[in-house]
Structure formats: C-alpha cells, structure tokens
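First up is the structure itself, then whatever we jot down about it.
The values are calculated or read from the model by the stated rules, or taken from the named source; none is laboratory data. Everything numeric here is computed off the predicted structure, so don't read it as measured data. Note that each Cβ is placed from the backbone with ideal geometry, even for glycine, and that neighbours are counted across all protein chains shown. We work out accessible area using only protein heavy atoms, side chains counted, and drop any ligands, DNA or RNA first. Shrake-Rupley method; radii C 1.70, N 1.55, O 1.52, S 1.80 Å.
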Amino acid sequence: MAYYHKMGQIPHKRHTQFRKPDGKLYREEVMGLEGFSGLQSILYHHFLPPRIKETEYLGDMQVEYVPYGAIRHRAFQTKTFEAGGDALSSRKVLMGNRDVTLSVARPTESMSYFYRNAQAYEVWYTHEGEGVLESQFGNLSFSGGDYLVIPFGTTWRMQLASKEARFFVIESPSQIVPPRRYRNEYGQLLEHAPFCERDLRAPEELITHTEKGEFEVRVKVRDGLTRHVLDHHPLDVVGWDGYLFPYAFSIHDFEPITGRIHQPPPVHQTFQADAFVVCSFVPRLFDYHPEGIPAPYNHSNVNSDEVIYYCDGNFMSRKGIDRYDLTLHPSGLPHGPQPGATEGSIGVKETLELAVMVDTFRPLDIAKDAIDFEKSAYQASWLEGDGE
C-alpha cells in the first residue's frame, strides 16, 4: 500500500549530511523496489549497512513437491501440526507454484536471530497468538486476525508474547498490495473499498540499537539460506521515511460487501499479487432478496486454483471441514456446496465464518510435507445424501 510514513530523526533534505551528536555521519540507505522507480524508503543507520563479519551458506530452500495425481478436490488438516520452534523453523509449506507458496507455522518460541527474505514478499496471517514484529522500521505489535505484510529486504524477527501462535503464511516473488480497483490513480483507497488507510497499522515504535557484538541475520535469496554474522545490532536505524515498510491489517477491520443476491468471491478480495489474490471471508449479513439462496452457486475455477484456510465459525457450504483445515479446489473441476448445504442456507440471515482464501492463476503443486495431513475422503463428500 503506497502511503507516506516517517519515524525517528531524519535530515531536512535527503542525500545530505546528517551527523551524530559526536559529529560523525549517520549512514544513509535507500531501500527500494524495481531499481529506483518503485516504492522506496530512506533509512539512516548508526553503523555502515554492508558491515558483515562472517558468512556461511546454510543450504537450499527449494520446496519438495510430489506429483498431483488424478485431478480432484483435496483437503488438509493442520490442527495436529506439531508445535515448537520459532516462526521460521516451525513453518511447513503445504502447496505452491512459481508465484506463491502457502504454509502453516505453529511457533512456541521467539526468534533468537534476525531474518531477511530478499526474494519475496511475505504475509503472515495471525490465526492465534500475539507478539511483536521487530524490524529496522520499528516495532509492530500483532494479535489474532492480523495480516502482517512484510516487503522484500525487511530485516525482522518475531517476538512472541503468548505461549504459542499459529500463522497461515503467504510468500510471493511479486509485491502483495491492496486491489487496484479499490485505489484511485494516486494510490488512495476509494470510498467503496472494504477498508481504508486508517485501518492499516505502520510500526508504532522505533528503538535504535547501538550495541556491538555478534548478531546473526539469516538471508533467503536465490532459493538458498545464508547466515551472516554482524559485529553490530542490525536494528540500528535512527530514522526513516518513505512508502516501503511492513504494516498490519486486521481481518476484523474488513467491511464485507453484501447485496440482494449472492455476491461473487471478488467482493472479499483483500490483496493482489502478479498471479494470485487473497480474500477475507468475515461475519456478514446474507442476501436479502426474498427468494435468495445464500449458499454459493456451483462454479468452475477456469484458470484458477482456490485454497481456503478455515479460521473460525461454521463455513456453511462445507461439510467435514474443521477449524485449521485447508481445502484445495483445482482448475478443471467444478465445485460448490455439498449436499444439503444449498437448501439449508435458505432463510439464514447471517454467517459468523472467518476464513482466508487464496486464488492462484496457475496450478498449485502439493508439497511433500502436506501428504501425511490429507483428508482423503474429501472428494467423496459431494456424493453423500444428494437426493437426486
């Protein structure tokens, strides 16, 4: 989301002398996307940013996928994923393609090191738990329902304030931004958008660290992980300004768009990227046409795979799907309400469901780590009690 923000101390003009109390220069860094033509921010460091004491290659980070097999609807349960480790070590990739990977993380520990994804945007949807995302842009608190949008190149670590947390994680080599149709030519969110700029939370506190010692930063780039040991604390920024920074948006601040008859999934869209979209299903009133059918109609995902992560409530069009489950409805096969769901929705006034959906425009592959968690009977759930 392109809007201007600043924190801490910055000079009156960019690229000019900015001195510490002892007369030495602060070190300016321009952090930007697409060369010097995309979003950028300017940060002022206590230490010289390129200083690295040691480097070590930790290994390949490419996801291992398995053959999809016969085209079919699939579901995966993540409730029993083992909890443990920090936000990164607990993350399991379940599915993905060249445009996006979808993961679940269940950490029980804060991170003792820092992390920088130099090849992808990340969105961490906080299903459960709370804590603080620390970065060079400052501290950003989060709790259940928050999307944490983390741009390329952000150096961060996650500190938990709860014994455990649970996240649905979206990682993409393209920028993840609010839908274009909700923005005017200047980038401002329009009146009909389901959220506005005041719903987006930038980092709230900038703490400048000037400690020296050994500090570990793990950098993901070129599908590999590198360990850097710095001789100074990486969060040494005294001030910054610009349009590029991590932010939080709560799914509870998404205002649903409803109508007399059933509204299609794009009304739930929250973010877009180059080859996928992210949607939020939130509590809302159902259709108010006197003969309306609240349940969604059957539809074919032409050139689109649909993934839904089920957070809370009763998702009325799905049977046999529980909290923490993911469903995958692939292109090439129609899907819709299961037997009895359409009839059962008639006359219902509202839904209290909460879910996150990702629609991709290229087929998704299944990761090896997901296979043991598949609910194999899901495809057969449309056969039960059809009454035809």
Search result, residues across segment 48-99 that are surrounded by fewer than 12 Cβ atoms within 10 Å (Cβ to Cβ), closer than 30 Å to E216 by Cβ and among the hydroxyl-bearing types (S, T, Y): T55, Y57, S89
Of all residues making up segment 1-12, the number that are outside any strand (DSSP E or B), within 34 Å of the chain's Cα centre (by Cα) and not aliphatic (A, V, I, L, M): 4
Total residues in segment 205-255, condition under 19 Å from the mean Cα position of the chain (by Cα), assigned to a loop (DSSP other than H, G, I, E, B), over 19 Å from R116 (Cα atoms) and not charged (D, E, K, R): 1
Selected residue (only one of F168, F137 is under 17 Å from the mean Cα position of the chain (by Cα) and either acidic (D, E) or open to solvent by less than 10 Å² (accessible area, probe 1.4 Å) (or both)): F168
Test: R198 is open to solvent by 10 Å² or more (accessible area, probe 1.4 Å) and in a helix (DSSP H, G or I): yes
Residue in segment 233-247 that is open to solvent by less than 40 Å² (accessible area, probe 1.4 Å), of a type in the set (D, E, K, R) and more than 30 Å from Y310 (Cβ to Cβ) present: yes
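Right, Q9: surrounded by 14 or more Cβ atoms within 10 Å (Cβ to Cβ) and closer than 30 Å to Y324 by Cα or not?
Numbers: surrounded by 14 or more Cβ atoms within 10 Å (Cβ to Cβ): yes; closer than 30 Å to Y324 by Cα: no.
So Q9 does not fit the description; no.
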